[in-house]
Amino acid sequence: MSDLDISIEQVEKDPIKNTETEVVERKGLGHPDTICDNIAEKVSKALCREYKERFGQILHHNTDEVQLVAGEANPKFGEEKDLEKKIYILLAGRATKEFKREKIPVDKIAIEAAEKFIEENFKVLRPEHIEFESRIGETSTDLEDVYNREEVLSNDTSFGVGHYPLSDAEKLALGLEEKILEIDEAGEDIKIMVTREKDVVDVTVAVAGITSRIENLEAYNKFKLEVKKVAKKYSQKYFSNGCVHVNIADSEDSVYITETGTSAENGDDGSVGRGNRYNGLITPERSMSLEAWSGKNPVTHVGKINQIRAHELSEKIHEETGKFAQCRIINKIGRPVKNPVIHIKTEDEKEVEGIVREFIE
C-alpha cells in the first residue's frame, strides 16, 4: 500500500452556491492559446507512441513550450485566399533524441503531429497556412535519470486541483462552443464569457466569421443573429433569465471576419498555459493551478499528472457519493509519484478516504 497523506474537510455544499456572482470563461478550439495547448499535447502523445513502439517505455520529454506568432491577412466578404503572411508556430521544449544508440526523429514527429491536429480539427485552416518550426532540445540528463530508477519519482514540485460537479454557469460556458460550431459560417476561434449575478446570466460571445461562407454585411448580420439565437437557447437550458451579446466590438467600419476562422491569421498571438485549465475552463471563483499541463510528460511530471488526477478523483467521489468534491494533490520533486499529499473538500466524509486510496493506488 502506498504511503498517502490524506486530509478530508467537510463542507456544507459546493461553495459556488454561496456566491452571488460568478465568472466563467472558455477559449475555444481556434483561439491561439488553445491551439498552442492542443499542439503541445499532441506532440507529447506522438512522442509517447514512438518511444513505446521502439523501446517499450515512455522516455523523458516535455513539449509544453509552444508559441504562436500571428500572421497577416486582409479578409473580405465572399473571398477565400492565401494569407499575406503565414502564421508561425514554434515547437519547443525538451525530449530524448537518442536512446540505446538509436536516433529518434523528434523534430519530424513533432511537426507531423502539429500538422495533423490542424488538418483534422478545422473547417478552413490548413497546415499550408502555417509555418511550423521545431526547436525541441535534448532532455536534461538530471531529469532523465528520474526515469531510470526502480520507483517513479516526481520531476517537479507541483500541485493539481479539480472540482466536480460543474456549476450551471460552468456547464454553459463549456458546452456552448459545440453548438455554435454547428453553424456553417462560424470559425473555431470562439471565446465565451459567462457572468452570473444571483440567478441572472450574461453571456458574451466572440466568434470569428469565415469570409468564404459569408457573402456580404447583410449575411454577416444574419450569421450574428443565428449565433445569438443558438446561445440564448442553450443558456436557457441552465438559466431562465439573462441576455446574450455577440461580437460586440463590431462597428460600421470593422466586423469580426477571418479567412481561416481564427484570429491567429492577423494579430493575435498565443502561448501554452495562458488559457483553459484541464477541465476546459477558466474559473476565477474556483481554486486553480496556473501551471500548464499540456505537453508535459505523463510519467513523472506531476504538474500534469496531478491536475488530471485531481479532476478525475473529484468526479469519482461525486459518482460514488452524489456530493460535491474538490481535490488538491501535491507532490515534491524527487519523491514517489504514487505518494502524494491529498486535500479533499466534500459534503460527505464517509467512505471518501477509501475512494481516494482505491483511486490513487
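The values are calculated or read from the model by the stated rules, or taken from the named source; none is laboratory data. Keep in mind that this is a model prediction, so the values were computed, not measured. No Cβ is skipped: glycine too gets one built from the backbone with ideal geometry, and neighbour counts run over all protein chains shown.
Cβ separations smaller than 7 Å between residues 6+ apart or across chains give the following pairs from region 86-110 residues that are more than 12 Å from Arg54 (Cα to Cα) and small (Gly, Ala, Ser) to residues that are in a loop (DSSP other than H, G, I, E, B) and at pLDDT 95 or above: Ala92/Arg135; Ala92/Ile136; Gly93/Ile136; Gly93/Gly295; Ala95/Ile136; Ala110/Ile136. Which one is surrounded by the fewest Cβ atoms within 10 Å (Cβ to Cβ) among residues in region 24-72 that are of a type in the set (S, T, N, Q) and not in a helix (DSSP H, G or I)? Once the filter is applied, the top-ranked residue is Gln57.
For region 65-81, the set of residues classified as more than 17 Å from Gly30 (Cβ to Cβ), more than 20 Å from the chain's Cα centre (by Cα) and modelled with pLDDT of 95 or more consists of Glu72, Asn74, Lys76, Phe77, Gly78, listed by residue number.
Taking every residue in region 321-336 that is in contact (Cβ under 8 Å) with a residue 24 or more places away in the chain and pairing it with any residue that is assigned to a strand (DSSP E or B) and basic (Lys, Arg), at least 6 positions away or on another chain, the pairs with Cβ-Cβ distances below 9 Å are Phe324/Lys345; Ala325/Lys345; Gln326/Lys345; Cys327/Lys345; Arg328/Lys345.
Selection of region 23-53 for residues being within 12 Å of Asn297 (Cβ to Cβ) and among the charged types (D, E, K, R) yields Glu41, Lys45. Any chance region 261-270 includes a residue that's at pLDDT 95 or above, crowded, with 21+ Cβ neighbours inside 10 Å and part of a loop (DSSP other than H, G, I, E, B)? Yes: one or more hits. Of the residues screened, Gln326 is not one that is modelled with pLDDT of 95 or more, in a helix (DSSP H, G or I) and not charged (D, E, K, R). No other residue among Ser167, Ser154, Ser140 is touching a strand residue (DSSP E or B) at 6+ places or on another chain (Cβ under 7 Å), hydroxyl-bearing (Ser, Thr, Tyr) and modelled with pLDDT of 95 or more apart from Ser167.
Within region 192-212, residues that are under 19 Å from Lys229 (Cα atoms) have Cβ atoms under 7 Å from residues that are aromatic (Phe, Trp, Tyr) in these pairs: Val201/Phe239; Ala206/Tyr256; Ala208/Tyr256; Gly209/Tyr220; Gly209/Phe223; Gly209/Tyr256, counting only partners at least 6 apart in sequence or on another chain. Exactly one residue among Arg309, Arg274 is among the basic types (Lys, Arg), assigned to a helix (DSSP H, G or I), in contact (Cβ under 8 Å) with a residue 40 or more places away in the chain and buried (at least 17 other Cβ atoms within 10 Å of the Cβ), and that residue is Arg309. Assess whether Ala249 counts as being touching a helix residue (DSSP H, G or I) at 6+ places or on another chain (Cβ under 9 Å), of a type in the set (Gly, Ala, Ser) and modelled with pLDDT of 95 or more. Taking the combined requirement at face value, the residue does not satisfy it. Out of all the residues in region 172-195, which are surrounded by fewer than 21 Cβ atoms within 10 Å (Cβ to Cβ), assigned to a helix (DSSP H, G or I) and either touching a Phe, Trp or Tyr at 6+ places or on another chain (Cβ under 6 Å) or of a type in the set (Ser, Thr, Tyr) (or both)? Scanning region 172-195 gives a single hit, Lys179.
Looking at Asn297, Asn276, Asn306, Asn339, can you tell me which residue is under 25 Å from Asp64 (Cα atoms) and in contact with a His (Cβ under 8 Å, 6 or more places away or on another chain)? Steps first, please.
On the way: Asn276 fails: in contact with a His (Cβ under 8 Å, 6 or more places away or on another chain); Asn306 fails: in contact with a His (Cβ under 8 Å, 6 or more places away or on another chain); Asn339 fails: in contact with a His (Cβ under 8 Å, 6 or more places away or on another chain).
Within the list Asn297, Asn276, Asn306, Asn339, the selection yields Asn297.
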